[in-house]
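Dumping the structure here so I can ask a few things about it.
The values are calculated or read from the model by the stated rules, or taken from the named source; none is laboratory data. Treat the numbers as computed from the prediction; the structure is a model and nothing was measured. Here the Cβ positions follow ideal geometry from the backbone for every residue, glycine too, while neighbour counts run over all protein chains shown.
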Amino acid sequence: MKKIGLILLIIGFVVAGATSVSAATIGLYDLEFNIDGILSNPISGDPVPAGVDDSGFNYTNGLGMLTIALSGGGSHFVGLFVDHEIDEATNTYFNENGAAIGTAAGQSWEIDEPGYLGGDIYTNFSNSALDNSNNVPAGSEDDVSMALGWDFILDTDKTAVIDFMISTTAPGGFYLNQKDPDSLVDIYFSSTLDLEGDVPPIPEPATLLLLGTGLVGLCASQRKKLFKK
């Protein structure tokens, strides 16, 4: 009987622990867009910028996908800053750490205290100059915020489509990771950039005339061949 009681007690602890992890509360404290140096914070009441699709994003827990479509030739910067809190009511907001996983091909990033106590991530983000550093690694827990950005040159016939994904499931490739070691909960932040378009140029009038003449000649030649047969 003692063994059965001990087993039931252990099972109870395991179930309680699993329930605690699954019931962890993730909240979005802050979010800001930077599109070509223009900042917009929907959390503070700013309108969602033109070209942003947020239909797949939850502004309460800060999970989901944000898609930004941008056209116009020249140099561009598109970035997203986020500040999540994990189980803040249970174990505060300054017990978390971050990590950058993989190789950041073509994008800039930063993990830092959001700026209330010395972090420079928000300043760098506002200046479109993320510094590719993690100032809140494991062992130096604090309030964690993250940012990703793309700096690119766009051809006039192209459209850039940037996806920002935030999830509790690790993606492939490069991503940022925010961890609450007390709740055993992770947030994963990643992004992709695709160039779409390749609009074919409209032929000049002279080109159209030559094309039309060629088609007429081809048709005439085919008619002659038919008559000869």
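If you go through the range 131-147 one residue at a time, do you hit one that is farther than 15 Å from Asp83 by Cβ, in a loop (DSSP other than H, G, I, E, B) and touching a helix residue (DSSP H, G or I) at 6+ places or on another chain (Cβ under 6 Å)?
Looking for residues that are farther than 15 Å from Asp83 by Cβ, in a loop (DSSP other than H, G, I, E, B) and touching a helix residue (DSSP H, G or I) at 6+ places or on another chain (Cβ under 6 Å), one finds at least one in the range 131-147, hence yes.
Right, another one. Pick out the one residue from Tyr116, Tyr29 that is part of a loop (DSSP other than H, G, I, E, B), on the phi < 0 side of the Ramachandran plot and of a type in the set (Ser, Thr, Tyr). Reasoning before the result, please.
Values: Tyr29 fails: part of a loop (DSSP other than H, G, I, E, B).
One residue alone meets the criteria, Tyr116.
Hey, among Ser140, Ser145, which residue is out of contact with any Asp or Glu (no Cβ under 7 Å at 6 or more places or on another chain), modelled with pLDDT of 95 or more and closer than 24 Å to Ala170 by Cα? Walk me through how you get there before you give the answer.
Numbers: Ser145 fails: out of contact with any Asp or Glu (no Cβ under 7 Å at 6 or more places or on another chain).
Of the residues listed, the single one that is out of contact with any Asp or Glu (no Cβ under 7 Å at 6 or more places or on another chain), modelled with pLDDT of 95 or more and closer than 24 Å to Ala170 by Cα is Ser140.
Shifting gears a bit: Among residues belonging to the range 92-106 that are closer than 17 Å to Ser140 by Cβ and touching a strand residue (DSSP E or B) at 6+ places or on another chain (Cβ under 7 Å), point out the one that is surrounded by the most Cβ atoms within 10 Å (Cβ to Cβ).
Looking only at the range 92-106, we keep the residues that are closer than 17 Å to Ser140 by Cβ, and these are 92-100.
Among the residues that remain, those that are also touching a strand residue (DSSP E or B) at 6+ places or on another chain (Cβ under 7 Å) are: 93-100.
On the way: Tyr93: 19, Phe94: 14, Asn95: 19, Glu96: 28, Asn97: 19, Gly98: 24, Ala99: 15, Ala100: 19.
The residue in question is Glu96.
Could you grab the pairs with beta carbons closer than 9 Å, sequence gap of 6+ or different chains, first residue in the range 77-103 and among the aromatic types (Phe, Trp, Tyr), second one in a helix (DSSP H, G or I) and surrounded by fewer than 19 Cβ atoms within 10 Å (Cβ to Cβ)?
Short answer, once both residue conditions are applied: Phe81/Ser126.
In the range 166-175, what count of residues is obtained for those that are touching a Ser or Thr at 6+ places or on another chain (Cβ under 6 Å) and either β-branched (Val, Ile, Thr) or buried (at least 20 other Cβ atoms within 10 Å of the Cβ) (or both)?
1
I'm trying to understand the selection: among the residues of the range 42-63, which are surrounded by fewer than 21 Cβ atoms within 10 Å (Cβ to Cβ) and part of a loop (DSSP other than H, G, I, E, B)?
Gly45, Asp46, Pro47, Val48, Pro49, Ala50, Gly51, Tyr59, Thr60, Asn61
Would you mind finding the one in Asp194, Asp163, Asp151, Asp186 that is modelled with pLDDT of 95 or more, surrounded by fewer than 13 Cβ atoms within 10 Å (Cβ to Cβ) and either part of a strand (DSSP E or B) or touching a Gly at 6+ places or on another chain (Cβ under 7 Å) (or both)?
Values: Asp163 fails: surrounded by fewer than 13 Cβ atoms within 10 Å (Cβ to Cβ); Asp151 fails: surrounded by fewer than 13 Cβ atoms within 10 Å (Cβ to Cβ); Asp186 fails: surrounded by fewer than 13 Cβ atoms within 10 Å (Cβ to Cβ).
Sole residue among the options that is modelled with pLDDT of 95 or more, surrounded by fewer than 13 Cβ atoms within 10 Å (Cβ to Cβ) and either part of a strand (DSSP E or B) or touching a Gly at 6+ places or on another chain (Cβ under 7 Å) (or both): Asp194.
Another question, then. Can you report the number of residues in the range 166-183 which are assigned to a strand (DSSP E or B) and among the hydroxyl-bearing types (Ser, Thr, Tyr)? Before the answer, list the steps.
Of the residues in the range 166-183, the ones assigned to a strand (DSSP E or B) are 166-167, 175-180.
From what is left, the residues that are among the hydroxyl-bearing types (Ser, Thr, Tyr) are 167, 175.
Of the residues in that region, 2 qualify.
If the requirement is being among the aliphatic types (A, V, I, L, M), within 20 Å of Thr159 (Cα to Cα), part of a strand (DSSP E or B) and more than 14 Å from the chain's Cα centre (by Cα), which of these qualifies: Leu70, Leu66? Lay out the reasoning, then the answer.
Working: Leu66 fails: more than 14 Å from the chain's Cα centre (by Cα).
Leu70 is the lone residue from the list that is among the aliphatic types (A, V, I, L, M), within 20 Å of Thr159 (Cα to Cα), part of a strand (DSSP E or B) and more than 14 Å from the chain's Cα centre (by Cα).
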